[in-house]
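First up is the structure itself, then whatever we jot down about it.
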Amino acid sequence: LKMQKAAEHNMNIHPMWQGPLAVPGGDRQSPIDIIQRKSVFDSELKPLVPDYDPDTCQQMWNNGYSFLVEYDDTTDKSTLKGGPLQDKFRLCQFHFHWGECNDWGSEHTVDRRLFPAELHLVHWNSDKYSLFEEAVMEDNGLAVIGVFLKVGKRHEGLQKLVDALPAIRHKESIVEFTRFDAACLLPSNIDDYWAYHGSLTTPPLTESVSWIVMKQPIEVSHDQLAVFRSLLFTSAEEEVQKSMVNNFRVQQPLRGRTVRSSFS
Ligand SMILES: C[C@@H](CNC(=O)c1ccc(S(N)(=O)=O)cc1)Cn1ccc2ccccc21
Ligand SMILES: [Zn+2]
């Protein structure tokens with residue numbers, strides 16, 4: 001029932017969803033429901049090796065659908081390798097998806113379980129491509145780490161980010177944001193994850209993503225999540241202000257894909 005309610009509230013009415021809602025013939029769309037008993041343990045999956053340099057953190061902005069923290073990805077200073085990945089990937093940004101209430105908001109689900117929010121750390125394959133824009137179009141171009149957020153104790157590392165949000169309430173607003181270590185948003189256990197091939201969850205929905213979804217959620221406080229919901233989809237000029245909530249895509253068909261797990 002919550003899935004149904006969540007689906008009714010999701011942002012398919014947001015302007016960004018007007019137009020083709022799926023890649024024609026797309027058979028590896030994201031997000032998906034991860035059915036634990038159907039995932040296949042793969043002993044070949046290696047530990048993930050995130051190596052992020054806080055000095056590459058540059059700015060935070062409201063793009064009218066989420067808020068992004070962007071990193072300088074002109075060098076290999078902040079990288080991800082290991083896990084299911086054959087190549088080295090550069091961190092370019094992270095962002096979140098969340099609901100209007102704590103009952104839903106995540107994009108992926110685990111055995112149909114919804115979380116109040118989901119973090120995405122976006123990386124592109126710098127061994128094979130020279131720009132993010134190139135990698136976006138290639139089937140091994142991107143790697144996104146998904147981390148579920150659940151309501152619990154306050155997340156000290158997240159608070160620096162939460163304190164900056166009022167400065168980017170409106171769409172298109174941007175603020176300098178430096179020296180943030182994205183690794184502080186990863187759960188304590190990054191060895192247990194699910195891996196599958198999918199897509200961007202917003203247009204252009206390109207099927208270029210190696211998804212790595214962490215099993216262990218991070219805990220954030222109710223009040224920290226409430227600040228996410230104080231953001232607006234709308235720019236300062238628009239007369240009707242709309243709260244930035246329910247900015248998630250509904251789960252997509254698995255189409256015969258296998259979800260691998262790094263743990264048995
Ligand atoms: C990718 C778009 C911008 N979108 C993203 O970068 C992006 C990143 C991660 C996710 S998620 N939620 O799956 O983690 C979703 C979107 C720009 N853009 C639009 C058209 C386009 C064409 C070529 C190159 C870039 C292009
Ligand atoms: Zn995302």
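Every read-out reported here was derived from the displayed coordinates using simple, explicitly stated rules and does not represent laboratory data. Please read all numbers here as calculations on a predicted model, not as lab measurements. Using ideal geometry, Cβ is built from the backbone for each residue, glycine included, and neighbour counts are taken over all protein chains shown.
Side notes on the structure shown:
- If the chain linking VAL49 and ARG257 were pulled fully straight, counting 0.36 nm for each residue of separation and taking away their Cα-Cα distance, it would gain 72.4 nm.
- Using the Cβ-Cβ distance between THR178 and GLN18 with R0 set to 51 Å, the FRET efficiency works out to roughly 0.90.
- Relative contact order (percent, whole number), the chain, Cα cutoff 8 Å, 6+ residue spacing: 28
- Basic side chains Lys and Arg get +1 at the Cβ, acidic Asp and Glu get -1 at the Cβ, and with that the dipole of the chain about its Cα centre reaches some 980 debye.
- Across HIS222, HIS123, HIS170, mean-square fluctuation computed from a Gaussian network of the chain (C-alpha pairs under 10 Å connected) peaks at HIS222.
- For region 79-123, the Cβ-based charge dipole about the Cα centre amounts to some 320 debye (Lys, Arg positive; Asp, Glu negative; other atoms uncharged).
- Positive-end residue of GLY99, VAL136, PRO15, charge dipole of the chain with Cβ unit charges: GLY99
- Relative contact order of region 1-127, defined on C-alpha pairs under 8 angstrom at six or more residues apart (%): 23
- Proxy reagent accessibility, fewest Cβ within 10 Å first, across GLU239, GLU133, GLU207: GLU239, GLU133, GLU207
- Global dimensions of region 123-185 from alpha-carbon coordinates: Rg and Dmax equal 15.7, 41 Å.
- Residue order for ILE218, ILE145, ILE35, fewest other beta carbons within 10 angstrom first, comes to ILE35, ILE218, ILE145.
- SER243/LYS38 FRET efficiency (R0 22 Å; Cβ-Cβ; nearest 0.05): 0.05
- Stokes-Einstein diffusion of region 153-264 at 25 °C, 0.890 mPa s viscosity, Kirkwood radius from Cα pairs, rounded to a whole number: 145 µm²/s.
- Convex hull volume of the Cα atoms of the chain, normalised per residue: 124 Å³.
- Cross-link partners of LYS38 among aspartates and glutamates, defined as those whose alpha carbon lies under 12 angstrom from its own and excluding same-chain residues fewer than eight positions apart: ASP111.
- Among the trypsin sites (Lys or Arg not before Pro) in region 127-174, those located in a DSSP loop and surrounded by at most 10 other Cβ atoms within 10 Å of their own Cβ are LYS153.
- Given charges at Cβ of Lys, Arg, Asp, Glu: region 152-264 dipole, positive-most of TRP211, ASN247, ILE174: TRP211
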